[in-house]
Amino acid sequence: MRGFYRARGTGGRSLGEMTIIITGFAASPDRGKGLARDMRVRWALEEAGLAYEVHGLSFAEMKEPAHLARQPFGQIPTYEEGDLILFETGAIVLHIAERHGGLLPEDANARARAIAWMFSAASTIEPLTTDRDVAVYFEKDKPWQAERMMMVQDRIRSRLAQLSRRLGDAEWLDGDFSAGDLMMADVLRRLASSGALDEFPNLVSYVARAEARPAFRRAFAAQLAAFEAGQAG
Ligand code: GTB
């Protein structure tokens, strides 16, 4: 299969006989910046200390029946663990977090709040990124693009201002680092590359703190190595 590669995560425990397999881009369009959504799954697996393999798919392979059976929308990433096949990064990270320590608090209410932040990242903040991508990449030739871009940026600014106010000078969104921070920080990383965070220094520091975590760094290094290996081959 063209574009297909197998790469391993950086180590970790294996689940008995079961190998965790995730999919990602065979050649990431971001050229190793770790901005595609497999990054948050790699990161969660590294936080949980689990071994995993990454299968890189070409765009054509993502639309083939074998992958559509895993991901009905022909997207990456997916997650396979024995008979279980999952798509949607929020669901995948929650699955990992619920079964392994370190990503969700023990206390039931704190756990529910951490999960609320995961949903917030995926359904309140991430759509702004997606909307911006549509405006930047698919509407650039439209006569109304500049006006629409201003509206998109205003919406981003007002949501980020609310998030920034809530975070204040706290280290993480609600107590210790959790899967809620993992999702939120990863969503913000994509916005950071557009400069949208620059007027919110506490969000910039929040993302920097998240990116300094050893598990993040391992996940980042692994996706970069896979990208570079693909370029060399
Ligand atoms: N809601 C789904 C989830 O969270 O799992 C969304 C998954 C998704 O958007 N996957 C993208 C995809 O497969 C890759 S991550 N797109 C192909 C398609 O839809 O046909 C989005 C992405 C792609 C590239 C960059 N980049 O180059 O910086 C960043 C993010």
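The values are calculated or read from the model by the stated rules, or taken from the named source; none is laboratory data. The structure displayed is predicted, hence computed values, not measured ones. Cβ sites come from the backbone with ideal geometry, for glycine too, and all protein chains shown count toward neighbours. Heavy atoms of the whole protein, side chains included, go into the accessibility calculation; ligands, DNA and RNA do not. Shrake-Rupley method; radii C 1.70, N 1.55, O 1.52, S 1.80 Å.
Remark: the range 108-213 carries a charge dipole of roughly 160 debye about the Cα centre, counting +1 on each Lys and Arg Cβ and -1 on each Asp and Glu Cβ. When nucleic acids and ligands are ignored and a 1.4 Å probe is applied, ARG157 ends up with an accessible area of around 100 Å². The tail of the calculated P(r) for the range 1-148, taken as Cα-Cα distances beyond 23 Å, holds 44 percent of the pairs.
How high is the relative contact order of the chain? Use alpha-carbon pairs under 8 Å, at least six apart in sequence, and give a whole percent. All intermediate terms of the calculation are to be shown ahead of the outcome.
Details: 332 pairs, mean separation 60.1, N = 233.
Relative contact order for the chain comes out at 26 percent.
Of the chymotrypsin sites (Phe, Trp or Tyr not before Pro) in the range 46-124, the ones in a loop by DSSP (not H, G, I, E or B) with at most 13 other beta carbons within 10 Å are PHE73. Packing, as the average of other Cβ atoms within 10 Å across residues, places the peptides 128-139, 215-226, 172-183 in the order 172-183, 215-226, 128-139, highest first.
Seen through its C-alpha gyration tensor, with square-root eigenvalues sorted a ≥ b ≥ c, the range 157-219 comes out oblate because a/c lies at 1.5 or above while a/b is not bigger than b/c. Note on surface exposure: GLU61, GLU147 rank GLU147, GLU61 by accessible area, highest first, 1.4 Å probe.
Computed with every protein chain present, the accessible area of GLU171 is close to 110 Å² [probe 1.4 Å]. Remark: the chain carries a charge dipole of roughly 420 debye about the Cα centre, counting +1 on each Lys and Arg Cβ and -1 on each Asp and Glu Cβ. Selection among LEU188, HIS95, GLN153 by position relative to the dipole of the range 57-189 gives GLN153 as farthest towards the positive end (Cβ unit charges, Cα centre). Computed on the range 108-213, the Cα convex hull volume stands at 89 Å³ per residue. Using just its DSSP H runs of length 4 or more, each adding -39500 (n - 2.57), the chain gives a mean residue ellipticity at 222 nm of -15500 deg cm²/dmol after division by all residues. Annotation for the range 96-138 versus the range 201-233: alpha-carbon center distance of 18 Å.
If only the Cβ of Lys and Arg carry +1 and only the Cβ of Asp and Glu carry -1, the dipole of the range 168-233 around its Cα centre is close to 340 debye.
At a Förster distance of 30 Å, what's the computed FRET efficiency of ARG157 paired with ASP83, Cβ-Cβ distance as r, to 0.05?
Working: r = 45 Å, r/R0 = 1.49.
After rounding to 0.05, the efficiency reads 0.10.
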